[in-house]
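Note sheet for the following structure.
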Amino acid sequence: FASARGGEMDRVFLPWWTFDSRTVTSYRGRRGEHYHVTRGFGKDRRRVRRTRWSSRSGTVRVDFDDVLVPATNSVPPATLAALETWDLSALRRFDAPLLAGSVAERYRVGLEDGLRIAESRMEPDIRRAIRRDIGGDEQRILALAVRHDEVRFKLLLLPVWLSAYQYAGATYQVVVDASTGEVHAGRPYS
């Protein structure tokens, strides 16, 4: 990278939403129980697996705490996903002097859009809870209706060091998680 031209690192506070929700989900599904039958005679004799299906329905409850959703689009999605390992127990209340000498980005993903993203991130956990509730060897979820109760949100500003460099006419972004020091960067490939 001898010919790469880079800039300085800037401390930037990126906006993130965090959502809490108590979900109650009613579902309809099917439970599959495997059994085996013997088919054929003599050398052609073999065991064949079959599945017996039965209908199931019920309700599952799953609570979510601090589901993170980036409220920025200035950093590539793959980098944002890698940053989602924040230790939220170390959060502090907003204090303007903490931002001195830094850039704080305004949120670009609104609250309603953030909530829709959070709900989609919650769905796989809800589906796992339904599959556990259905039981058996296989499960099929035919319908589900999720109700979100006690939804709460916070807008966070989380610190990163941000820079970019140019190489061979392309610009690559470098993001350093300010809490862990972990580096996430685009790079040229040969």
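The values are calculated or read from the model by the stated rules, or taken from the named source; none is laboratory data. What you see is a predicted model; the values in this text were computed from it and never measured. Reconstructed Cβ throughout: ideal geometry from the backbone, glycine too, with neighbour counts over all protein chains shown. The protein model used for the area step is the full one, side chains on, heavy atoms only, and it has no ligands, DNA or RNA in it. Shrake-Rupley method; radii C 1.70, N 1.55, O 1.52, S 1.80 Å.
Within region 37-67, the set of residues being part of a strand (DSSP E or B) and aromatic (F, W, Y) comprises W53, F64.
Among the residues in region 35-52, are any surrounded by 13 or more Cβ atoms within 10 Å (Cβ to Cβ), more than 23 Å from D10 (Cα to Cα) and at pLDDT 95 or above? Yes, there is a match, as at least one residue in region 35-52 is surrounded by 13 or more Cβ atoms within 10 Å (Cβ to Cβ), more than 23 Å from D10 (Cα to Cα) and at pLDDT 95 or above. Whenever a residue of region 156-167 is more than 9 Å from P15 (Cα to Cα), its partners that are open to solvent by 60 Å² or more (accessible area, probe 1.4 Å) and hydroxyl-bearing (S, T, Y), lying with C-beta atoms within less than 6 angstrom and at least six residues away or across chains, give the pairs A164/T171.
Of all residues in region 129-144, those that are under 21 Å from R50 (Cβ atoms) and open to solvent by 40 Å² or more (accessible area, probe 1.4 Å) have Cβ atoms under 7 Å from Cβ atoms of residues that are in a helix (DSSP H, G or I) and not aliphatic (A, V, I, L, M), 6 or more apart or on another chain, in Q139/R131. Looking at the structure I just gave you, is R46 without any contact (Cβ under 8 Å) to a residue 60 or more places away in the chain and over 16 Å from the mean Cα position of the chain (by Cα)? Spelling it out, R46 is indeed without any contact (Cβ under 8 Å) to a residue 60 or more places away in the chain and over 16 Å from the mean Cα position of the chain (by Cα).
Look at (1) over 17 Å from the mean Cα position of the chain (by Cα); (2) at pLDDT 80 or above; (3) outside any helix (DSSP H, G or I) and you find that S190 fails only one, number (2).
For every residue, the table says whether it meets (1) outside any loop (DSSP other than H, G, I, E, B); (2) open to solvent by 70 Å² or more (accessible area, probe 1.4 Å); (3) in contact (Cβ under 8 Å) with a residue 12 or more places away in the chain.
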site: V69; (1), (2), (3): yes, no, yes
site: S74; (1), (2), (3): no, no, yes
site: T79; (1), (2), (3): yes, no, yes
site: W86; (1), (2), (3): no, no, yes
site: S89; (1), (2), (3): yes, yes, no
site: R92; (1), (2), (3): no, yes, no
site: G101; (1), (2), (3): no, yes, yes
site: V109; (1), (2), (3): no, no, yes
site: R121; (1), (2), (3): yes, yes, yes
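State whether the residues of region 10-19 include one that is closer than 30 Å to Q166 by Cα and either among the acidic types (D, E) or without any contact (Cβ under 8 Å) to a residue 24 or more places away in the chain (or both). Taking every residue of region 10-19 in turn, at least one turns out to be closer than 30 Å to Q166 by Cα and either among the acidic types (D, E) or without any contact (Cβ under 8 Å) to a residue 24 or more places away in the chain (or both).
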